[in-house]
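Everything on this sheet refers to the single structure shown next.
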Amino acid sequence: MTSSDRSQAVDVQRSYEIRTYGCQMNVHDSERLSGLLEDAGYVRAPEGADGDADVVVFNTCAVRENADNKLYGNLGRLAPMKTRRPGMQIAVGGCLAQKDRDTIVTRAPWVDVVFGTHNIGKLPVLLERARVQEEAQVEIAESLEAFPSTLPTRRESAYAAWVSISVGCNNTCTFCIVPALRGKEKDRRPGDILAEIETLVAEGVSEITLLGQNVNAYGSDIGDREAFSKLLRACGKIEGLERVRFTSPHPRDFTDDVIAAMAETPNVMPQLHMPLQSGSDTVLKAMRRSYRQERFLGIIDKVRAAIPHAAISTDIIVGFPGETEEDFEQTMHTVREARFANAFTFQYSKRPGTPAATMDGQIPKQVVQARYERLVALQEEISWDENKKQVGRTLEVMVAEGEGRKDGATHRLSGRAPDNRLVHFSKPDEEVRPGDVVTVEITYAAPHHLLAEGPVASVRRTRAGDAWQKRQEARTGRPAGVMLGLPKIGVPEPLPAAAAPACGLG
């Protein structure tokens, strides 16, 4: 923010709330929005504010089914609250704002600010301008004004962080509107990325997730086809960086040098999220996915040969227009062959503005539902079988917060294994903090988590745990107790009952 921009910052402390929808990119953008607002003098509203804040920001997604109806429903619920609270402001940003720039203020005239995916850095200035001029401000940039990672940030975790390496996407998948909203791929300079990671590690972060719409296409904008593998290897040289993940890659760009870099770089975790979308070559062609079943399974085989304990997850769309029963069986076959640790399985739904929305051969809802249930049942069985293979293994688990809903009742703690599997373990006698690492032996496997019911073999206190404790003490003004905290880094929860894939990543 420039000095002139700062002069327009709020003159009294006002509270803000951000509601985030969509993919990891939106989550990361919301961290930037929080940083911008706090840099401008706003304070975060308490958890559960539910609109009881001076500024409410919607960071939207355009690829979910009925995304616009959900937004306008939420805006409608805030309208009477805004009437009762003079000075309250509402802002709408993100992909839906980029897409529906001309209609948001028309349908919801009580909205004060509309901003797009390319100019999130303008939010504080736009809010102030709307307040002074007493009229809505709509500003949608057509191209990126500043790379998001150059903006202030309020990270949700003291010890795990997103690091954006690129924005935009050069693919033209027929089910995805993201390239139209976030633009062509634009890569950051490798030195800028590594400098950010080194700064984060110096602050106590021990796990980073490299983030991009098509993360392993990194380098296409700077003219280096091996830039992504070089970046992974460079991460391996950063002292204090214990875990490196990335999301989401595309099979087209998943080259042998990337597999080698994963296998040969110790802090790159044995985890891969590789979107399949369909196992049918016919459907993949209709989706404009540039690989076929044989190519996809070949990548999986190579990864497993190089990294035997890798946990591989995926995205699958069921019921894409024109999908026949034979096409669906090809997807089932691919799932059986690939043996994914978990999967995001989605029922296809039309997304306005995408070529697939107007294709012939739209599949009846009941057919899509029946196929979806068959696929979920198959993947559930495979996930459980793959997790059972973990029983008896000794794993290093990074302690997390909020991952185990029953931890209090069961006297357990939770965390993530190197391959990102969720592990619940017996609470040790000594203090354990988020970011610390425990060594445990797996004694039981369920489809979506592992249990370590015996005593913890060891506890390693880390700089990441120190960073978490320091943050808690700064917030409360007293020594931190044992709370646990990690946002959903890496691959999210498997098999959600969602209707659409997350933001077209991959």
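The values are calculated or read from the model by the stated rules, or taken from the named source; none is laboratory data. It should be emphasised that the depicted structure is a prediction, and the values quoted were computed from it without experimental measurement. Quick reminder, even Gly has a Cβ in these numbers, built from the backbone with ideal geometry, and neighbours come from all protein chains shown. Note: areas computed on protein heavy atoms with side chains; ligands, DNA, RNA excluded. Shrake-Rupley method; radii C 1.70, N 1.55, O 1.52, S 1.80 Å.
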Practice problem: Give the carbon-plus-sulfur fraction of the accessible surface of region 332-410 in %, rounded to a whole number; probe 1.4 Å, heavy atoms of protein chains only. | Solution: 51
Practice problem: Report the FRET efficiency, 1/(1 + (r/R0)^6), for R252 and Q366, where r is their Cβ-Cβ distance and R0 is 45 Å, rounded to 0.05. | Solution: 0.85
Exercise. Place +1 on the Cβ of every Lys and Arg and -1 on the Cβ of every Asp and Glu in the chain, take the dipole about the Cα centre, and give the residue among Q213, A457, M274 whose Cα lies farthest towards its positive end.
Key: Q213
Quiz prompt | Low-density loop positions, trypsin sites (Lys or Arg not before Pro), region 404-467 - DSSP coil, at most 14 other Cβ in 10 Å | solution = R405, K406
Quiz item: Could you give the accessible area per residue of the chain, probe 1.4 Å, as a whole number in Å²?
Solution: 41
Self-check item: region 91-151: GluC sites (Glu not before Pro) in DSSP coil with no more than 15 other Cβ atoms inside 10 Å
Solution: E134, E135, E142, E145
Quiz item: Taking the Cα-to-Cβ direction at I222 and at T83 and moving 7 Å from each Cα, how far apart do the two end points lie in nm?
Solution: 5.3
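Can you send over the carbon and sulfur percentage of the accessible area for region 72-148, probe radius 1.4 Å, protein chains only?
Accessible surface attributable to carbon and sulfur in region 72-148 totals 49 percent.
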Quiz prompt | Estimated dipole of region 107-171 in Debye, rounded to 20 [Cβ of Lys and Arg +1, of Asp and Glu -1, Cα centre] | solution = 220
Quiz item: Leaving out ligands, DNA and RNA, what percent of the accessible area of region 161-279 is carbon and sulfur, probe 1.4 Å?
Solution: 48
Exercise. Could you list, in their original order, any pairs among K99/K184; K302/K389; K70/K365; K70/K122; K184/K230 whose Cα atoms are separated by more than 18 Å?
Key: K302/K389; K70/K365; K70/K122; K184/K230
Quiz item: What is the antiparallel percent of DSSP beta bridges lying wholly in the chain, to the nearest 5?
Solution: 35
